[in-house]
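Reviewing the structure listed below.
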Amino acid sequence: MATIFSRIVKGEIPCYKIAENEQFFAFLDINPVAKGHTLVIPKREVDYIFALDDNELGDMMVFAKKVAKAIEKAVPCKRIGVAVIGLEVPHAHIHLIPISKEGDMDFKKEHLHLTEAEFLELQQLIVSQL
Ligand code: 5GP
C-alpha cells in the first residue's frame, strides 16, 4: 500500500507544495513546529533514510539545501534546522525547520495550528524565493 507521502506526490492527497524535481518532493508539514516547517522526501518509496543509495541520499541533501535557502529568505529565522525522525510516516523525510534558538526544534512542544490562509501565504513566500 502506498504511503501517505506517495499519495501526496501523486496528488491524491492535497498538500502545500514547495518544490519538486524528478526524484524529490518538498511540501509544508501539516502539523508544523514552526512557520515554514517543510518536509523533503524522495519520490521513491523508501522507509528509512539510511536505506537510500549513497547517490540518492546526496542528491536529496542538495535538493533540501535549495529548499532550505528559500525558506531562510522567506521566514524570519537564524537558520534552518535539519531533523530526521521518521517514527510516524514510513517514508523517508527530512524536516527543515526555521529556528532562532535550540528550543524551536522541540518536537514535543505544542505544534502550530495554522489556517489555510497562513499555509498559502507561507507557501507563496517560500516558492517565490526558489
Ligand atoms: P515523523 O515520521 O518524522 O515522526 O513525522 C512525520 C511528519 O509528517 C510530522 O511532522 C507530521 O506532521 C507530518 N505529516 C504527517 N501526515 C502528513 C500529511 O498528510 N500531510 C503533511 N503535509 N504532513 C504530514
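The values are calculated or read from the model by the stated rules, or taken from the named source; none is laboratory data. Treat the numbers as computed from the prediction; the structure is a model and nothing was measured. Don't worry about glycine lacking a Cβ; one is built from the backbone with ideal geometry, like all the others, and counts go over all protein chains shown. Accessible surface is based on the protein model in full, side chains and every heavy atom, while ligands, DNA and RNA are left aside. Shrake-Rupley method; radii C 1.70, N 1.55, O 1.52, S 1.80 Å.
Tabulated data
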item	result
Under 5 Å, built H, 5+ apart or other chain: amide partners of G81	I97, I99
Carbon plus sulfur fraction of accessible area for the stretch 4-127, probe 1.4 Å, in percent	54 percent
Whole-number D in µm² s⁻¹ for the chain, Kirkwood Cα-pair radius fed into Stokes-Einstein, 4 °C, 1.567 mPa s	88 µm²/s
Per residue, in Å², the accessible surface of the chain once ligands and nucleic acids are set aside, probe 1.4 Å	59 Å²
Interchain or long-range residues, amide H under 5 Å from F24's placed H	K43
Given 16 as the ceiling on other Cβ atoms within 10 Å, longest exposed-site-free region of the chain for chymotrypsin sites (Phe, Trp or Tyr not before Pro) in DSSP loops	49-106
Backbone HN-Hα couplings from phi across the stretch 114-130 [Karplus 6.51/-1.76/1.60, Hz, Gly and Pro as x]	8, 7, 4, 4, 5, 4, 5, 5, 4, 4, 5, 4, 5, 4, 5, 9, 6
3J(HN,Hα) from dihedral phi, the stretch 94-99, Karplus parametrisation 6.51/-1.76/1.60, rounded to Hz, x for glycine, proline	10, 8, 10, 10, x, 9
Per-residue HN-Hα couplings for the stretch 83-91 [Karplus 6.51, -1.76, 1.60; θ = phi - 60°; Hz; x = Gly/Pro]	9, 10, 10, x, 7, 9, 10, x, 8
Given the chain, longest segment not containing exposed loop GluC sites (Glu not before Pro) (DSSP; at most 10 other Cβ within 10 Å)	23-87
